[in-house]
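Take a look at the structure below.
The values are calculated or read from the model by the stated rules, or taken from the named source; none is laboratory data. Predicted model, so just to flag it, every value in this text is computed and none were measured. Here the Cβ positions follow ideal geometry from the backbone for every residue, glycine too, while neighbour counts run over all protein chains shown. Surface areas here come from the heavy atoms of the whole protein model, side chains and all, with no ligands, DNA or RNA. Shrake-Rupley method; radii C 1.70, N 1.55, O 1.52, S 1.80 Å.
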Amino acid sequence: MPPWRRYELQAEVLQGLAHPLRLALADQLRDGEVCVCDLAVAVGAERSNVSRHLAVMLRAGILDTRKEGLKVYYRLRTPCVLDFMRCATRTLRHDLDERTRALEEA
């Protein structure tokens, strides 16, 4: 029997990344922790919207937080999630290459 519970938990992690803004936030956290205020500026979104998306990522186990005074800093709990983003980009490039070849042959 397939390990369904593991698949369910893996799906929760993927769902925690499954939004363009959340992918942008993960990318911004590539080099270490960043406060919400700086993340909002970096991705060009309202701070409240960024906070909501960060909360989704936190619940999915993707992020850790640290509070310093009034500022909350976020960091990737496991930076290997960036590997998934690189893999997704490679998949897109591969698909684009195949489509380009198909159009050239037409």
**Q.** Whole-Hz couplings from phi, Karplus 6.51/-1.76/1.60, listed for region 71-77; x for Gly and Pro
**A.** 8, 10, 9, 10, 8, 5, 5
Q: Name the long-range amide H neighbours of TYR73: under 5 Å, sequence gap of 5 or more, or other chain; modelled H, no Pro or chain starts.
A: ARG66, LYS67, GLU68
(Q) I'd like the projected area of the chain, averaged over all directions, using the convex hull of its alpha carbons. Report it in nm² with one decimal. (A) 9.5 nm²
Q | Sites matching trypsin sites (Lys or Arg not before Pro) across region 1-47 that sit in DSSP coil, with at most 16 neighbouring C-beta atoms within 10 Å | A | ARG30
Q. Can you give the relative contact order of the chain as a percent, counting alpha carbon pairs under 8 Å and 6+ residues apart?
A. 26 percent
Q. Got a number for carbon plus sulfur as a percent of the chain's accessible area, 1.4 Å probe?
A. 55 percent
(Q) I'd like to check one number: the per residue accessible area of the chain, probe 1.4 Å, reported in Å² as a whole number. (A) 70 Å²
